[in-house]
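Structure first, commentary second.
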Amino acid sequence: MRRWGVGAAGLAVLVVLTGCALPVGAVDRSTSVDSDQINGVRSYPDHRGLVVSYVGGGCDGPARLVLTESKTRIQARVVVKQPTGPVNCAAVGIPSTVQARLAAPIGDRSLWAGGREYVPFDGARLLMPSALPRGFGGPVEVGTSAASSSSSAAAVVTTTWVRTFNSHAATSGEACQAAFGSLDVRIGPTTVDLSHGWTKVDTAKIGPATASLYRDGATRTPTGWAYIWTRQPSDIEVRNTVDCQGDRLINRTELLRIARSLRPA
């Protein structure tokens, strides 16, 4: 066996948090604990590392991914520093990721995390825009998983991976200043639901594929645009949505340019 631990790739906050400081007199005697809020697992594009998407807490400290490897199995453990003294934290979930390199490529070894076997999302399928509009930062990564059958012992398959770029600068207050909302690049089954405000309004060519353009909301005041097309074995979606009151969306022409600029990660 070889045991590997590598520092966190990043802790991304999608919500505004308040009251996360330790009260006066509190002692931060942090302990390391395993996260049991795993959303999904993906490989590096070269299959020589893993990224774990999980739900963190408002006052979490540094996190790391510890990998224990054998010839037939990889055990992934998310370790998060948490204060043991009295704290005042907002009760919210924070999409977070940790990552670490493997001693050898995944190969045909089984992967286990949080007490469950996972089939990781193949990182070689990820796509990134070659250029983003000015002001967008990130990305924040979130995986989505589902059990491969109804059995409690069935492997969990990470079917979808989303990278979200946000145009809102991080602030310590609750105010959300108007900008261009968020931009998602989603690889996996599409989530556009035509029964909840989304309407197909046009089509466009993206490489050899024909993409459908969807609008969320009213014609004059849309709250989202999404281009969706298929590149086997996945659907690809590039979506821009309003996050804060006063946000103005990227225009559909610019969103199409971003969709056409996608390249392997």
**Yes/no for THR203 being surrounded by fewer than 16 Cβ atoms within 10 Å (Cβ to Cβ), part of a strand (DSSP E or B), modelled with pLDDT under 95 and assigned by TED's automatic domain parsing to the domain that holds GLN232** = no
**Complete:** Matching residues in the stretch 53-88 (in contact with a Pro (Cβ under 8 Å, 6 or more places away or on another chain) and at pLDDT 95 or above) number 1
**Fill in**
Within the stretch 60-75, of all residues that are assigned to a strand (DSSP E or B) and of a type in the set (D, E, K, R), the one farthest from TRP112 (Cα to Cα) is ARG64
**Message:** Contact list please: Cβ distance under 9 Å, first residue in the stretch 87-101 and under 19 Å from ARG42 (Cβ atoms) and basic (Lys, Arg), second residue at pLDDT below 95 and part of a strand (DSSP E or B), pairs at least six apart or on different chains.
**Reply:** ARG101/TRP4; ARG101/VAL6
**Single residue of SER261, SER234 found to be hydroxyl-bearing (Ser, Thr, Tyr) and more than 19 Å from THR144 (Cβ to Cβ)** = SER261
**Request:** Kindly check whether there is at least one residue in the stretch 242-255 that is crowded, with 19+ Cβ neighbours inside 10 Å and touching an Asp or Glu at 6+ places or on another chain (Cβ under 9 Å).
**Result:** yes
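Taking the options ALA146, ALA131, name whichever one is hydrophobic (A, V, I, L, M, F, W, C), outside the structural domain of ASP46 (by TED's automatic domain parsing) and over 28 Å from GLU254 (Cα atoms). Even if it seems obvious, please write down each step before you answer.
Details: ALA131 fails: over 28 Å from GLU254 (Cα atoms).
Only one candidate qualifies: ALA146.
Using the structure shown, decide if THR144 is touching a residue at least 60 places away in the same chain (Cβ under 8 Å), of a type in the set (S, T, N, Q) and in a strand (DSSP E or B).
Spelling it out, THR144 is indeed touching a residue at least 60 places away in the same chain (Cβ under 8 Å), of a type in the set (S, T, N, Q) and in a strand (DSSP E or B).
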**Fill in**
For the stretch 236-265, pairs from a residue that is in a helix (DSSP H, G or I) to a residue that is buried (at least 20 other Cβ atoms within 10 Å of the Cβ) and charged (D, E, K, R), with Cβ under 6 Å and 6 or more apart or across chains, are none
**Asked** Got at least one residue in the stretch 177-185 being closer than 28 Å to ALA76 by Cα and surrounded by 14 or more Cβ atoms within 10 Å (Cβ to Cβ)?
**Response** yes
**Request:** Go through the stretch 89-115 residue by residue and tally those that are modelled with pLDDT of 95 or more, part of a loop (DSSP other than H, G, I, E, B) and under 17 Å from ARG64 (Cα atoms).
**Result:** 2
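The values are calculated or read from the model by the stated rules, or taken from the named source; none is laboratory data. Note that the structure is predicted; figures quoted are calculated from it, not measured. Ideal geometry is used to build each Cβ from the backbone, glycine not excepted, and the neighbour counts take in all protein chains shown.
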